[in-house]
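Written below as structure tokens is the structure these notes are about.
Read-outs: derived from the displayed coordinates by stated rules, not from any lab. Given the structure is predicted, the values throughout are model-derived calculations rather than measurements. In this analysis, Cβ positions are derived from the backbone assuming ideal geometry, glycine residues included, and neighbour counts consider all displayed protein chains.
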Amino acid sequence: MNTKTSPAMDATEMPDLTARASLRMADILAGRSKLDLRAALLFAGPAVIASIAYIDPGNFATNIQAGSKYGYALLWVVVVANLMAMLFQALSARLGIVTGRNLAELCRDRFPRPMVWLMWGVSEIAAMATDLAEFLGGAIGLSLLFHIPLLAGMVATAVVTYAILMVDKRGFRPIELIIGGFVAIIALCYLVEMLVAPVQWAAVGLGVVTPVIPDSAALTIAVGIIGATVMPHAIYLHSGLTQNRVKTNTDGERRMLLRFSNREVVVALTLAGLINMAMVIMAASAFHDGHSGVAEIETAYHTLTPLLGGAAAGFFLMSLIASGISSSVVGTMAGQLIMQGFVGFRIPIWVRRAVTMLPAFVVVAMGVDATQALVGSQVLLSLALPFPLVALVMLTRSRSVMGAFASGRFMHVLAIAATAVIVALNVVLLLDTVGITLV
């Protein structure tokens, strides 16, 4: 197993903030420094960044449709999707911590060359679909807030995300803190929404625990929710965020680091899950009775003002902008990691940014409805999911890869079952798309 840090991650060459964090974590793992709450927070970061993928604008689009059309009925889908996300993100983080390599790199080393090229191609398509949702979401929010054309909002989003990406040159800690700040903004916005919206909490509880798919359209939205929650690029990225973050020298240190990682995954993705549930609850509370046709983000914003007041609509926009900008940053980071891992080279960050945002400009230029494009992108992501999921399950079970840290039988069976559910839903969706309705 490779436990060495890369030259780029050598603490002596890192900017102060990242260097201090990395050295303090190493001291804690080695027992040279006392563990307190402030020190424990140093281990938080990778799952926080990955959690942005679970509250991106694609989630806004699918959750608004789910809540407005079906009320609280699809809340259970959000819960199930979030539990599966926790499982796969924990496995991805584990892979990076134990091996010192990310999922894309291990796929390149372990799988046949034709399979590697196929996985890379699918992953690049998924990255573009991801950025379509993220980039359009931020642009829509800025357009509505400042009353500017959507194209102008797209340009502004591109400039802001590129500026944030430049911070990544200063090491892992600054970007972790920036993304963490965006997560906090989104969470606070939806906390306010829950206080303002007339929520039927008994119906919420029933929707959480009662699995039901009302019709075939609900199935499409449900698969879109899963595609917007368990995302391919987040699975690849998490292993990359953990692979060289802190140096471990013994199995004992790795076990301790894994405990920190697992706790962070649970906390970060629980928060992301609650935000997703809040999106559905807000849409159900505001739109389901009398405005069930609300399906677009723009319509939701304009409808919120007379229903819940200007403050509620404003917080909705703030959360959308924060989500779009931060998730676009994370998506670009993931795209770089995927390309470097599968084919061994990287391109300038501005080229990666330009290539992945091109589909968004094409969609707007063609006059395609932005929200429908967001929902469609999430369905596409769901279809791309089996590739990284199957690879992750195989690699984390392999003792030649993971050694003593290979997944146990229970965890492996659970991961296989979750993967099977996702693949089965994809098959049902494909059949529904060609006109064979099973619901």
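Local charge sum around Ala44 (other residues, Cβ-Cβ under 10 Å, Lys/Arg +1, Asp/Glu -1)?
Values: positive: Arg263; negative: Glu176, Glu264.
Taking every Cβ under 10 Å from that of Ala44, the sum is -1.
On C-alpha positions alone, give me the angle between the axis of helix 216-229 and the longest principal axis of the chain, in degrees, nearest 10.
Tilt relative to the chain: about 30 degrees.
Quick check on the exposure proxy: order Val280, Val122, Val351 from fewest to most C-beta atoms within 10 angstrom.
Numbers: Val280 28, Val122 17, Val351 10.
Going from least to most buried by this count: Val351, Val122, Val280.
At 7 Å along the Cα-to-beta-carbon direction for both Ala19 and Asn262, put a label point, then send me their distance in nm to one decimal.
3.5
Between the helical axis of 409-433 and the dominant principal axis of the chain, each derived from Cα atoms, what acute angle in degrees is found, rounded to the nearest 10?
So the inclination is approximately 40 degrees.
Relative to the first principal axis of the alpha-carbon coordinates of the chain, what is the inclination of helix 232-242, with its axis defined by its Cα atoms, in degrees from 0 to 90 and to the nearest 10?
30
In the neighborhood of Arg397, defined by Cβ-to-Cβ distances under 15 Å, what is the net charge if each Lys or Arg adds +1 and each Asp or Glu adds -1?
Values: positive: Arg94, Arg110, Arg399, Arg409; negative: none.
So the surrounding residues net to +4.
So, R0 is 45 Å and r is the distance between the beta-carbons of Asn249 and Val421; what FRET efficiency does that work out to, to 0.05?
On the way: r = 39 Å, r/R0 = 0.86.
Between Asn249 and Val421 the formula returns 0.70.
Picking from Ala126, Ala21, Ala222, which is most flexible by a Gaussian network model of the chain using Cα springs under 10 Å?
Ala21
Only four residue types carry charge here, +1 at the Cβ of Lys and Arg and -1 at the Cβ of Asp and Glu. Report the dipole size of the chain about the Cα centre in Debye, rounded to the nearest 20. Present the calculation step by step, with values, prior to reporting the outcome.
Details: 27 positive and 23 negative charges, 357 e Å.
Dipole of the chain, to the nearest 20 debye: 1720 debye.
Ala152 to Leu118: FRET efficiency via 1/(1 + (r/R0)^6), r the Cβ-Cβ distance, R0 45 Å, to the nearest 0.05? Mind dumping the intermediate values first?
Numbers: r = 38 Å, r/R0 = 0.85.
With a Förster radius of 45 Å, E is 0.75.
Say each of Ser33 and Val167 gets a label point 7 Å from the Cα, pointing the same way as Cα to Cβ; how far apart are those two points in nm?
Inter-label distance under the simple model: 2.1 nm.
Normalised by the number of residues in the chain, what is the relative contact order in percent for Cα pairs under 8 Å and 6+ residues apart?
On the way: 728 pairs, mean separation 153.9, N = 439.
About 35 percent, as a whole number.
Using the count of nearby Cβ atoms within 10 Å as a rough guide to exposure, how do Leu195, Leu75 rank from fewest to most?
On the way: Leu195 9, Leu75 27.
Fewest to most other Cβ atoms nearby, the residues stand as Leu195, Leu75.
Can you find, among Ala126, Val266, Ala187, the residue farthest towards the positive end of the dipole of the chain? Put +1 on the C-beta of Lys and Arg, -1 on that of Asp and Glu.
Val266
First select every other residue whose beta carbon is under 12 angstrom from the beta carbon of Leu304; then total the charges, Lys and Arg +1, Asp and Glu -1. Each step should come with its number before you reach the end.
Details: positive: none; negative: Glu193, Glu298.
Result for the neighbourhood of Leu304: -2.
Given a 10 angstrom Cα cut-off, can you work out which residue in Val330, Val204, Val427 is the most mobile in a GNM of the chain?
Result: Val427 has the largest fluctuation of those listed.
Build a GNM of the chain with springs between Cα atoms under 10 Å: which of Asp131, Asp289, Asp36 gets the top mean-square fluctuation?
Sorting by GNM fluctuation, first place goes to Asp36.
Of [x] 61, 44, 43; [y] 89, 60, 37; [z] 69, 51, 43, which one was derived for Cα extents along the principal axes in Å from the structure shown?
The value computed from this structure is option [x].
Sort Leu87, Leu431 so the one with the fewest other Cβ atoms within 10 Å of its own Cβ comes first.
Numbers: Leu87 21, Leu431 13.
By the 10 Å Cβ count, ascending: Leu431, Leu87.
Between Asp109 and Ala40, what is the spin-label point distance in nm, taking each point 7 Å from the Cα along the Cα→C-beta axis?
3.3
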